[in-house]
Amino acid sequence: MSPHPYAFLTLLAAVAVAFPLGMLAVAQLWFRFFQPPKPGFVKNAVYECGVAATGDSWIQFKAHYYLYAIIFLIFDVEVLFLLPFAVVFTALPAGALIAMAVFLLLLVEGLVWAWHRGHLEWR
């Protein structure tokens with residue numbers, strides 16, 4: 001007699017549901033038996049890299065540095081995609097050339113947008 005065709009899927013679904021529920025049960029038991037019952041002053045104290053925080057936490061922060069990093073990351077990933085394409089350029093069909101042209105046009109569009117908005121100027 002052959003097993004039911006969906007028996008393995010049923011077993012897999014049961015394990016997929018039981019495993020996370022088991023982990024949640026273990027976490028709940030750990031929480032119940034090992035967590036301190038009340039948070040204290042030390043537990044609620046502000047901790048920043050081993051140094052007690054001083055001063056006001058509301059400061060003016062320039063987001064331009066993040067924009068430089070994101071733009072660099074975008075064009076760094078562009079190089080990662082262009083290098084394998086350049087290695088096998090002669091062996092690829094015309095569709096691959098069109099796909100890479102679309103990819104490059106999207107990146108150039110992003111560069112023009114960043115340039116137009118002034119994000120490439122170091123202030």
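Residue 101 passes all but one of (1) under 16 Å from residue 66 (Cα atoms); (2) modelled with pLDDT of 85 or more; which number fails?
(1)
So the check is Cβ under 6 Å with 6+ separation or different chains; which pairs have a first residue in the stretch 88-103 that's touching a residue at least 24 places away in the same chain (Cβ under 8 Å) and closer than 24 Å to residue 76 by Cβ and a second one that's assigned to a helix (DSSP H, G or I) and not small (Gly, Ala, Ser)?
none
Do any helices (runs of 4 or more DSSP H) entirely within the stretch 1-90 hold 3 or more residues that are surrounded by 10 or more Cβ atoms within 10 Å (Cβ to Cβ), among the aromatic types (Phe, Trp, Tyr) and at pLDDT 80 or above, and if so, which? Steps first, answer last, please.
On the way: elements: 7-34, 41-44, 64-87.
Because the criterion is at least 3 residues that are surrounded by 10 or more Cβ atoms within 10 Å (Cβ to Cβ), among the aromatic types (Phe, Trp, Tyr) and at pLDDT 80 or above, the helices (runs of 4 or more DSSP H) in the stretch 1-90 that meet it are 7-34, 64-87.
The values are calculated or read from the model by the stated rules, or taken from the named source; none is laboratory data. On a predicted model such as this, the values are computed, not experimentally measured, just so you know. Note that each Cβ is placed from the backbone with ideal geometry, even for glycine, and that neighbours are counted across all protein chains shown.
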